[in-house]
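The values are calculated or read from the model by the stated rules, or taken from the named source; none is laboratory data. Note that the structure is predicted; figures quoted are calculated from it, not measured. Please note: Cβ atoms are built from the backbone with ideal geometry, for glycine as well, and neighbour counts cover all protein chains shown. These accessible areas exclude ligands, DNA and RNA; they are computed on the full protein's heavy atoms, side chains included. Shrake-Rupley method; radii C 1.70, N 1.55, O 1.52, S 1.80 Å.
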Amino acid sequence: MLSPTTLARSSLEEMLESLRLRDNSDWPKDLPPALPSRPPSRARIRSGRWSAQPNFNTDSNSESGGEGQRKENELRVKRNPFWNKKRRKDVNVDSPYNVVAVEGIEGEERVEETGVLEGSDNIGYFIEKKLRVWCRQSNGVWVSGTIHSTSGEESFVSLANGNSKAGPILIAVNPFKDVQINGKDIVTAYKQKATDKPHVFAIAENAYNEMMNDGVNQSLMISGESGAGKTETAKFAVQYLAALGGGNVGIECQILQTSCLLEAFGNSKTSMNDNSSRFGKLIEIHFTAAGKICGSKIRTFLLEKSRVVQLANGERSYHIFYQLCAGAPQALRERLNLKMANEYNYLAQSDCLVINGVDDAQRFLKFMETLDIFQISKGEQDQAFAMLAAVLWLGNISFHAIDYENHVEASNDEALINAARLIGCEPHELKEALSARRIQTEEGNIVEKFTMQQAIDTRDALAKFIYASLFDWLVEQINNLLEVGKQHTGWSISILDIYGFESIKKNSFEQFCINYANERLQQHFNRHIFKLEQEEYELDGIDGVKVDFADNQECLDLFEKKPIGLLSLLDEDLHSPDANDATLANKLKQNLNGMACFKGDKGRVFGVRHFAGEVLYDTNDFLKKNQDSLNPELIELLSSCNGQLPQLFAIKMLNQTLEPATSLDSPNQSVSAKFKGKLFKLMQRLEKTKPHFICCIKPNRKQLPGMYEEDLVSQQLRCSGVLEAVRMSRSGYPTRMTHQEFADRYGFLLLETNESQDPLSISVAVLKQFNMLPGMYQIGYTKLYLRIGLIGVLEDRRKQVLQTGKYTDEANKGSTLLTAIIGLQSVIRGCLVRKHFSNSHKLIPLRSKQKLDIPNEQSSAMAELQRRVVDAEASLGQKQQENATLQEQLQQYEAKMKKMDEQLQQSEAKMKKTEEQLQQSEAKMKKTEEMLRKQTAPLQASLAAAKKSEGSAMAEVGGRENGVSSLVKEFEQQKQSFEDDINKTTQPASNMNSYEELRKLKRRFRAWKKDYKVRLKETKAIVRKHRHQDSDKTQKKWWPNRGKVLQNCGKSPS
């Protein structure tokens, strides 16, 4: 009989017991959990049963509560004295749980359990550590679950839900055609868990479940370049969440309709996309404790206001302008004096007025219906349309010169009159505000007339301000209607649809801000995927696996660093009166050329090496777009208008002027500073949520269905960080299989099988049977983690076994091998019995001995066979040891090579930097040499003139000829000496102190020049004293020039 202490425990029990001991400081903290070992076979332990067995009641399909309650699988565990007593002797421990399916009530499954951990504190420990337990269902499938709580003699265990395939990243490809995968029937299928294929609905379902189960806010982050389908994907996510939150009635319907209004005011046709979002938005959907939608809020970021007044060829302004011109009713057209789109300068400048396959008039009718859904009154609608028409008429206002100083004023034409009427002011008031501005001085106000460019900029600034204010007003109206109710619990799911990374032919301030935002979001993505990868190992009980990731902090430092960063330098130039776009570019290059992610270029162009690739930016209009100011005269004009909306816009602007200078709403803040502040608030909000990522892919540039451009798709996967996430996964244990999947696929390879073994034990047994190295795999609570290549070895062995026919039926788990072993055992037992019988009886006839010769020969053959098997095993073990040694050596060599490569790269970088310094020093020395030669040339000419003049005075000067000649000779010698020294110093082979030698040479030149100047002056006085009148005339011609030359020589070389 076996005592309870000698009973073998299952692999799961050993692992959990080791974890408990380690947490209680009985196990060294630096050691990983004990690897689970394969349980003993059934033949080694007598079969037996527990005298008292707890029962499981599994509710697999029950649904409690009303509509909106989520399904949950629970196990009800009956507690009895078994949990507080030691095991009995007659026990069969083949797996953690030996179960027998028992028919229960309808919709339930009753399971008997016969093996749980010892000790009275196990249940409490399971609940505290949230450890998993195994249960085997009646269909033979093992599932893991977590004990959540106990009540009396019952424990509640939730089974793991393995239906969803929603991973950390969903790749959504734009089909460029209508596909029937997002209809109501598909929504129903995912709600009822009838399908689990990767889909936007699966991501939304997963986020909803985690919010309801864990009480943690969720976020769906949708990324991708323009034309990849981000806007449509966001609408599908909202559609599914609205269906989960109670159907398309009431507030759910209004949330779905917000896209119609926002797309009309915030989307336009670009060169890359016919419906490109030119603003970023965060849609927050709030839920009650019962999972019902109770409200929503929309936050917007950086509307591209410049698109209102300036368009590239082939692009359109915002959709609402074209929809208004094409679909406005006759009565509305007459009130607004509205014309067709081609008659407005703002719209006609790009030669693109329509989109193929889009009916703007029909879209306008739908837009009007949506305004009614959001309960916007007819009066407010008319005022909004009047503001839109006023923007169009402002673009048609022209200016004419009024003097010879290029001052202009607005023309009294139809455009001025209609714009003034629609805004609600007099034409002359609008004319004055667009033609001049008042400057306050100590002596009073001074009126300054505008030039043509100033007047156009003022007109465009007013148009952009009105449209941006109208957009903000519309978003505010939507939020007022979708305001969160009193049942708000703080639970929410946020959907981020923001502009993707952009790199076009001419990248301006808008692309600069867009790509900066994408850089910040990319870091959030990279760090979350890294954190998710690390947490997966930790939650499954695997320690010591380090995961590295590519960080783009250097690029973010280039943007955000103070005081030397792109944003800081850009804001600094706003306060400089002499700053312009060209000086801004030069300033950036002077201060940022040393940063790795910055690249200087010609003219006003500079480059930034983003995570997604290098982008060249043109600083043209950077300062103007960053300041985005509005003249006080225009604000005063709007505040005095008759219309309600213009007054509201002006009051909001005046209130912002009262805000502190550091406030994001203050007009003193630059556009980039406001955008950075909003971006930081967005990141703080996202950090408090659990993100789910959807990467939208544009398959081709022509926007045609069924066409894939491999290079374009690869570039998008790389730019979005998907390839980095794959690399991060492959650096650890990329192949991951649940124990159930691994056991089902490779369990039949075991030489000894047991039907009731748990999947974990089978998985470990397979790995041990094939002598897999411990560093090639990790065993978690629920999964096996395998290195690259290990699964291929198992697949090859599996194919080999299936092809040889040894295991024709995988379900029998090695029954053919068992039959062969039993047959061999029968023969051996027969031989041993006959041998024993022969040795026990000495008096045996000769005939009997002859008959026993055959068994003796068979026994000898078996011994020889066993000896060969032992030798083969020994040889195999030696080879495996040699392979392990070689593998360690290979890893050491690879590490050394990697280290040498890094050192080589560092050396190359230092050499390159030294070479650049030498080139700079050489350039400076050449420049200095050239300046020295230029300064000595006039001196040489002056001495030549003096020598020539000396010839006429030699007869009278007499013995003083030698004085002048010596000065000339000395000058020639010193000149040659200085030139030789300069050439020697500026040679490329000279050392790094050549610049210091050049400075010493300059000081020596100055000392000689000073002394030479004195002696030359003395000689001049002597010659002048003895020169006759003709010599005096000659002296006047060259001596003043000599003075100028000496003055030039007095300037030291730079």
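Counting only residues that are basic (K, R) and not assigned by the TED database to the domain that holds L570, give me the strands (runs of 3 or more DSSP E) lying completely in the range 429-529 with at least 2 of them. It would help to see each step written out before you state the result.
Details: elements: 436-441, 444-449, 491-497.
Here the list reads 436-441.
One residue is enough: does the range 270-284 have a residue meeting the conditions within 26 Å of the chain's Cα centre (by Cα) and in a helix (DSSP H, G or I)? No - not one qualifying residue is present in the range 270-284.
Okay, residues lined up against (1) modelled with pLDDT under 75; (2) open to solvent by 100 Å² or more (accessible area, probe 1.4 Å); (3) more than 29 Å from A596 (Cβ to Cβ):
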residue: Q892; (1), (2), (3): no, yes, yes
residue: M900; (1), (2), (3): no, yes, no
residue: Q903; (1), (2), (3): no, no, no
residue: K910; (1), (2), (3): no, yes, no
residue: E922; (1), (2), (3): no, no, no
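Candidates in the range 522-543 are the residues that are within 17 Å of the chain's Cα centre (by Cα) and among the charged types (D, E, K, R); of these, the one that is least open to solvent (accessible area, probe 1.4 Å) is E533.
Counted as qualifying within the range 574-634 are no strands (runs of 3 or more DSSP E), as none has 2 or more residues that are within 29 Å of the chain's Cα centre (by Cα) and closer than 30 Å to L648 by Cβ. For Y708, the criteria (1) in a loop (DSSP other than H, G, I, E, B); (2) in contact with a helix residue (DSSP H, G or I) (Cβ under 6 Å, 6 or more places away or on another chain) hold in every case but one, which is (2).
Q656: open to solvent by 20 Å² or more (accessible area, probe 1.4 Å), part of a helix (DSSP H, G or I), out of contact with any strand residue (DSSP E or B) (no Cβ under 9 Å at 6 or more places or on another chain) and at pLDDT 90 or above, yes or no?
no
Pairs are defined by a Cβ separation below 6 Å, a sequence spacing of at least 6 or placement on different chains, a first member in the range 278-304 that is without any contact (Cβ under 8 Å) to a residue 60 or more places away in the chain, and a second member that is of a type in the set (D, E, K, R) and open to solvent by 10 Å² or more (accessible area, probe 1.4 Å); the pairs so defined are I293/E252. Residues satisfying the criterion are absent from the range 735-744 (criterion: open to solvent by 40 Å² or more (accessible area, probe 1.4 Å), assigned to a helix (DSSP H, G or I), more than 30 Å from L773 (Cβ to Cβ) and out of contact with any Phe, Trp or Tyr (no Cβ under 9 Å at 6 or more places or on another chain)).
Checked against the criterion of being open to solvent by less than 10 Å² (accessible area, probe 1.4 Å), among the hydroxyl-bearing types (S, T, Y) and closer than 19 Å to A264 by Cα, the range 322-329 contains one or more residues that satisfy it. Going by the structure shown, is S720 small (G, A, S), touching a strand residue (DSSP E or B) at 6+ places or on another chain (Cβ under 8 Å) and open to solvent by less than 70 Å² (accessible area, probe 1.4 Å)? Criteria met by S720.
In the range 550-609, how many residues are crowded, with 18+ Cβ neighbours inside 10 Å, over 24 Å from Q669 (Cα atoms) and touching a residue at least 40 places away in the same chain (Cβ under 8 Å)? The qualifying residues number 5.
Kindly evaluate K688 against the criterion of being closer than 30 Å to I493 by Cβ and either buried (at least 20 other Cβ atoms within 10 Å of the Cβ) or among the acidic types (D, E) (or both).
Values: closer than 30 Å to I493 by Cβ: yes; either buried (at least 20 other Cβ atoms within 10 Å of the Cβ) or among the acidic types (D, E) (or both): no.
Taking the combined requirement at face value, the residue does not satisfy it.
The one condition from (1) modelled with pLDDT under 90; (2) surrounded by 21 or more Cβ atoms within 10 Å (Cβ to Cβ); (3) among the polar types (S, T, N, Q) that S317 does not meet is (1).
Hey, does the range 437-448 have a residue that's at pLDDT 90 or above and either surrounded by 15 or more Cβ atoms within 10 Å (Cβ to Cβ) or closer than 28 Å to T233 by Cβ (or both)?
To start, the set of residues in the range 437-448 that are at pLDDT 90 or above comprises none.
Within the range 437-448 (the criterion being at pLDDT 90 or above and either surrounded by 15 or more Cβ atoms within 10 Å (Cβ to Cβ) or closer than 28 Å to T233 by Cβ (or both)), the answer is no, since none of the residues qualifies.
If you check S398 against the conditions, is it over 20 Å from K339 (Cβ atoms), of a type in the set (S, T, Y) and within 47 Å of the chain's Cα centre (by Cα)? Taking the combined requirement at face value, the residue does not satisfy it. Residues that are surrounded by fewer than 22 Cβ atoms within 10 Å (Cβ to Cβ) and either touching a Gly at 6+ places or on another chain (Cβ under 9 Å) or farther than 17 Å from H400 by Cβ (or both) within the range 416-435 comprise R421, G424, C425, E426, E429, listed in sequence order.
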